[in-house]
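The values are calculated or read from the model by the stated rules, or taken from the named source; none is laboratory data. Small disclaimer: the values here were computed from a predicted structure and weren't measured. Cβ placement follows ideal geometry from the backbone for every residue including glycine, while neighbour counts extend to all protein chains displayed.
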Amino acid sequence: MAVDNRRIAKNTFFLYIRMMFVLGVSLATAGITLRVLGEVDYGLNAVLGGIVAMFSFLNGALSGACSRYLTFELGRKDYDRLKEVFNAALVVHLGLAVAIVVLSETIGLWFFYNKMVIPPERMNAAFWVLQLSILMVPISLTQVPYGAVIIAHENMGIYAYTSIADVVARLGILYLLYVSPYDKLITLSALSCAWSLMMIIFYRIYCIRRYKETSISFCRDWGLYKGMFAYAGSDLIGNVSVLAQGQGLNLLLNTFFGPVVNAARGIAYGVQGVIAQFSNNFMTAARPQIIKSYAEGDIDGMWRLVERSSWFSCYLLLLLALPVYLEADFLLKLWLGKYPEHTLSFLLLIIIHCMIQSVKTPRSTVFHATGHLLLSNVIIGTILCAAFPFAYIALRLGGSPESVFWAANISIAITEFVSPFILVRFVKMNIVRYMLNVHGRCLLTVSVACIIPCVFYDKVFDPGFLRLLWTCVISSISICCTVFLLGMDRASRNWLIQFIRGRLNMIALFVKR
């Protein structure tokens, strides 16, 4: 299958439109929300969902199985099978939702009352926030197959369009939160749940009307259920590792340091979520193409796309991450005024984590395309999970909150060297070529691109808007020039030149008219 660069570019464009709306609103609302709630309630809001997430780790595995099966059948153009896969996924997620609600209302409540650090006067509000989080579990989980259908069809435009409504809703929620005479923490959770429910209803109606495979009918192919569970089971340890490095470490911070440190982590991860979207949007558009290439047997084409996706995921992330890294203190003060202790150091460590993650994601898609996940998840998942006990030991020995993030970063860096040696067992792969073309090229490009901005960003101007603007401009120029000269192969460079020439010719013709 020929890689559809035009379609990837189109879908990435739609996703970036969506991201720009989300970026502006997320940054604006997070700062105001922190001031309205206060550091303690902001931290509680960030950590309480972690109790439900502890029991939702299987959902990540099932979501991956659902997306993979749907995309695979689309690649084979087997539409009858596609409908069976969708309905099987819907049944599986419904059963999972029931199990998670039961676990959350039993073990989750025990953890809430006995292990979490919550001020006594905020226990009642925290309890209702937890209950609202549990309420959304069955609704959100049964939405997963519908979202997977949209991604499998590569219809990313719908996400861009609905972001306009999301912008309006978030601003409306912020206003209602500000004027509400009721408890702010409970009000925020209730309004957020109501809006999420409305968006889920919209997506379901959209899918039912547009994609015939989403018509509900009970799937009796027990072999399909078995296959999906087997696939999800092999992906289970990987999702446990994601849980351990995400909500697990967050709950660990709560038990040792309390909700104020959770607030610092919540702010840092909020910025990380925005930064990561620069590369995640590209991968959301490229992922179906990688799976479809594998489904059609085009292994060489798949690896070309994996390599280029790794490059540009890394470079797109660097465009935003480098200025944020250099100007983090000024940006946090500009955004929040006074911010919780540890926020700056958390943010810098999380940016490093994101850079490593951006290179990993395209290769992980190949594992999902092959369906051979067990060995990878056992080995890689164990390495990633090791961050949790090592972080716990470090904290018990008196380590700072930052030691949690160092444990996470070291573990993910180790997996980058281990993972290719596992993948070669299941798909034809030149490990030396891959590591030189991906790890070597990305490391060289990032290192060279950072030299000028890092050396000179504080030599000309004092901290302020002028230095921020200078840093952004110099960083962008340095990154773009380095990427063009070092960061891509000749074929990609020629394609980029032709693409730019074509757009300039179109602009010239438009001006002449």
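Assorted remarks:
- Residue that is farthest from S364 (Cα to Cα), among those in region 417-433 that are out of contact with any Leu (no Cβ under 9 Å at 6 or more places or on another chain) and surrounded by 15 or more Cβ atoms within 10 Å (Cβ to Cβ): V427
- Scanning region 398-411 for residues that are of a type in the set (F, W, Y) and buried (at least 19 other Cβ atoms within 10 Å of the Cβ) returns a single hit, F405.
- Flag for Y178 being surrounded by fewer than 17 Cβ atoms within 10 Å (Cβ to Cβ), modelled with pLDDT under 75 and in a helix (DSSP H, G or I): no
- Residue match in region 122-141 (condition: touching a Pro at 6+ places or on another chain (Cβ under 6 Å), in contact (Cβ under 8 Å) with a residue 24 or more places away in the chain and within 20 Å of E213 (Cα to Cα)): no
- The listed residue being part of a helix (DSSP H, G or I), of a type outside the set (D, E, K, R), surrounded by 18 or more Cβ atoms within 10 Å (Cβ to Cβ) and without any contact (Cβ under 8 Å) to a residue 24 or more places away in the chain, out of I500, I474: I474
- Flag if L332 is of a type in the set (A, V, I, L, M, F, W, C), surrounded by fewer than 22 Cβ atoms within 10 Å (Cβ to Cβ), farther than 25 Å from T445 by Cα and modelled with pLDDT of 85 or more: yes
- The one condition in (1) assigned to a loop (DSSP other than H, G, I, E, B); (2) among the charged types (D, E, K, R); (3) under 30 Å from S293 (Cα atoms) that E341 fails to fulfil: (3)
- Any chance R425 is part of a helix (DSSP H, G or I), among the charged types (D, E, K, R) and farther than 24 Å from Q247 by Cβ: no
- Within region 98-131, the residues that satisfy the criterion of being part of a helix (DSSP H, G or I) and of a type in the set (D, E, K, R) are E105, E121, R122.
- Here R467 meets the list (1) touching a Phe, Trp or Tyr at 6+ places or on another chain (Cβ under 6 Å); (2) free of Cβ contacts under 8 Å to residues at least 24 places away in the same chain almost entirely, failing just condition (2).
- Test: residue in region 278-294 that is modelled with pLDDT of 85 or more and in contact with a His (Cβ under 9 Å, 6 or more places away or on another chain): no
- Check on I414, at pLDDT 90 or above, surrounded by 18 or more Cβ atoms within 10 Å (Cβ to Cβ) and within 30 Å of T343 (Cβ to Cβ): no
- Residues that are closer than 13 Å to L349 by Cα, surrounded by 13 or more Cβ atoms within 10 Å (Cβ to Cβ), in contact (Cβ under 8 Å) with a residue 12 or more places away in the chain and aliphatic (A, V, I, L, M) do not occur anywhere in region 387-397.
- The residues of region 375-388 that are of a type outside the set (S, T, N, Q), in a helix (DSSP H, G or I) and over 14 Å from L251 (Cβ atoms), listed by number, are L375, V378, I379, I380, G381, I383, L384, C385.
- Pair list, Cβ < 9 Å and 6+ apart or interchain, from region 342-371 residues that are over 29 Å from V427 (Cβ atoms) to residues that are part of a helix (DSSP H, G or I) and of a type in the set (D, E): H342/E402; L344/D329; S345/E402; F346/E402; L349/E402
- The set of residues in region 439-464 that are among the small types (G, A, S), out of contact with any Gly (no Cβ under 9 Å at 6 or more places or on another chain) and in contact (Cβ under 8 Å) with a residue 12 or more places away in the chain contains only G464.
- Cβ separations smaller than 7 Å between residues 6+ apart or across chains give the following pairs from region 231-258 residues that are over 23 Å from P119 (Cβ atoms) and modelled with pLDDT under 70 to residues that are not in a helix (DSSP H, G or I) and not hydrophobic (A, V, I, L, M, F, W, C): Y231/G371.
- Residue match in region 480-497 (condition: in contact with a helix residue (DSSP H, G or I) (Cβ under 8 Å, 6 or more places away or on another chain), surrounded by fewer than 16 Cβ atoms within 10 Å (Cβ to Cβ) and closer than 30 Å to G371 by Cβ): yes
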